[in-house]
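Student: Below is a structure I'd like to ask you about.
What follows is calculated from the coordinates using simple rules that are stated; it is not laboratory data. Just so it is clear, the model here is predicted, and its values are computed rather than measured. Using ideal geometry, Cβ is built from the backbone for each residue, glycine included, and neighbour counts are taken over all protein chains shown.
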Amino acid sequence: MKSLRAQAFDGIQAVLFDLDGTLIDSAPDLGAAADKLRTDRGLPPIPLEAYRPMAGAGARGMLGVAFGMQPDHPDFSAYREEFFVNYERCLTQRTYAFDGVPELIDQLLRRQMRWGVVTNKASRFALPLTRAMPLFASATTVVCGDTTPHAKPHPEPLFEAARRVGADPQHCLYVGDDERDIVAGLAAGMRTVAAAYGYLGNGASTAHWGAHAEIRTPAELLPLVISGNGLK
């Protein structure tokens, strides 16, 4: 008899992932783009580790670390666009898949499991980045933050991804490192997994997110999919 945990992952036909902090470590490039705003203004650099926890929050998170700047600051829009330009110039210079991710994707493909990406990253950045990284050549779809009228935590991007991979949402699994990922996944009727190795945010805990499971490394995902679907 299957355990209750295994039963939670019965019938999975497709695995969808968040991007930054779940599949790839983009914090070094995001942090570098933000830090260039500081050094261009004669300010001392900030260590990457200060930027890393907030990498999942995009420009808002990076400018918050670099300058303590919030979206209501009168210069926020100008600084954000400068950050965007900096980031476009270094999208994949220091960005890599997390250890174990390529092997995980290979194992999913060997089991004929469809997979895709649902990110809040704008297509301006997400599409060039994923096209440049061989890891994503086998992805069925990449749904960006501006692909649909809504971004996560709204479930519409996940519904769109399910349509594109040809699976009912209830037969999809969504993996992410931010609470909004789990909120969106649950709202879409998907099984959800919290990637506790991701960025999470300062002091964030996955305990109250309500995910069906939590993983500490990418490799821990495969046994969930296998145990729930009778795969080997």
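Student: Suppose the chain between T140 and S123 were pulled fully straight at 0.36 nm per residue; how much longer would it get relative to their current alpha carbon spacing?
Tutor: Residue separation times 0.36 nm, minus the Cα-Cα distance, leaves 4.5 nm.
Student: Residues with beta-carbon under 10 Å from that of G11, excluding G11: net charge, scoring Lys, Arg +1 and Asp, Glu -1?
Tutor: It works out to a net charge of -1.
Student: Based on DSSP, what percent of beta bridges with both residues in the chain are antiparallel, to the nearest 5? Mind showing how you got there, number by number?
Tutor: Working: 2 of 21 bridges.
Of the beta bridges lying entirely in the chain, close to 10 percent run antiparallel.
Student: What ranking of D178, D75, D146 emerges when the number of other C-beta atoms within 10 Å of each C-beta is taken as an exposure proxy, fewest first?
Tutor: Starting with the residue having the fewest Cβ neighbours, the order is D75, D146, D178.
Student: If one takes the longest principal axis of the Cα atoms in the chain, at what angle in degrees, from 0 to 90 and to the nearest 10, does the Cα axis of helix 58-67 lie?
Tutor: Here the helix axis deviates by roughly 40 degrees.
Student: How many angstrom lie between the Cα centre of the range 103-136 and the Cα centre of the range 17-80?
Tutor: What the calculation gives is 23 Å, centre to centre.
Student: Now for a different question. Assigning unit charges at the beta carbon (Lys, Arg +1; Asp, Glu -1) and nothing else, what dipole magnitude in debye, to the nearest 20, does the range 33-99 show about its Cα centre?
Tutor: Working: 8 positive and 9 negative charges, 19 e Å.
Dipole magnitude for the range 33-99 comes out near 100 debye.
Student: I've got another one for you. Per-residue HN-Hα couplings for the range 154-160, Karplus 6.51 cos²θ - 1.76 cosθ + 1.60 at θ = phi - 60°, whole Hz, x for Gly and Pro?
Tutor: 5, x, 4, x, 6, 4, 4
Student: Here's another thing I want to ask about it. Against the longest alpha carbon principal axis of the chain, how many degrees, from 0 to 90 and to the nearest 10, is the axis of helix 123-132 turned?
Tutor: Approximately 70 degrees, to the nearest 10.
Student: Counting other beta carbons within 10 Å of each residue's own, what order do M190, M133 fall into, fewest first? Could the numbers behind the result be given before it?
Tutor: Details: M190 28, M133 16.
Sorted ascending by nearby Cβ count, the order is M133, M190.
Student: Here's another thing I want to ask about it. Measure off 7 Å from each Cα along the Cα-to-Cβ vector at A78 and A213, then give the distance between these two points in nanometres to one decimal.
Tutor: 5.0
Student: What shape does the range 27-88 have by the C-alpha gyration tensor, where a ≥ b ≥ c are the square roots of the eigenvalues, rounded means a/c under 1.5, and otherwise prolate means a/b greater than b/c and oblate the rest?
Tutor: In terms of gyration-tensor shape, rounded.
Student: Starting from the 7 Å offset along Cα-to-Cβ, what nm value, one decimal, do you get for the label separation of R180 and R163?
Tutor: According to this spin-label approximation, the distance is 2.1 nm.
Student: How large is ³J(HN,Hα) for each residue in the range 84-89, as worked out from phi by the Karplus curve 6.51 cos²θ - 1.76 cosθ + 1.60 (θ = phi - 60°), to whole Hz, x for Gly and Pro?
Tutor: 4, 4, 4, 5, 4, 7
Student: What is the chain's relative contact order, in percent, from Cα pairs under 8 angstrom and six or more apart in sequence?
Tutor: Dividing the mean separation by the residue count of the chain yields 27 percent.
Student: Related question: By how many nm would the segment from E49 to Q93 lengthen if fully extended, with 0.36 nm per residue of separation less the alpha-carbon distance?
Tutor: Working it through step by step, the gained length comes to 14.1 nm.
Student: Sticking with this structure for a sec: Please compute one quarter of the surface area of the Cα convex hull for the range 53-97 and express it in square nanometres.
Tutor: Its Cα hull, projected and averaged over all orientations, spans 3.4 nm².
Student: Which ordering of C172, C144 is given by a fewest-first count of other beta-carbon atoms within 10 Å? Numbers along the way, then the final one.
Tutor: Working: C172 28, C144 21.
Ordered by Cβ neighbours within 10 Å, fewest first: C144, C172.
Student: Additional query: For R114, which sequence-distant residues (separation of 5 or more, or a different chain) have an amide H within less than 5 Å of its own amide H, given hydrogens modelled in the peptide plane?
Tutor: V15
Student: Under the Karplus relation 6.51 cos²θ - 1.76 cosθ + 1.60, θ = phi - 60°, what is the ordered set of whole-Hz ³J(HN,Hα) values for the range 171-176, x standing for Gly and Pro?
Tutor: 9, 10, 10, 10, 10, x
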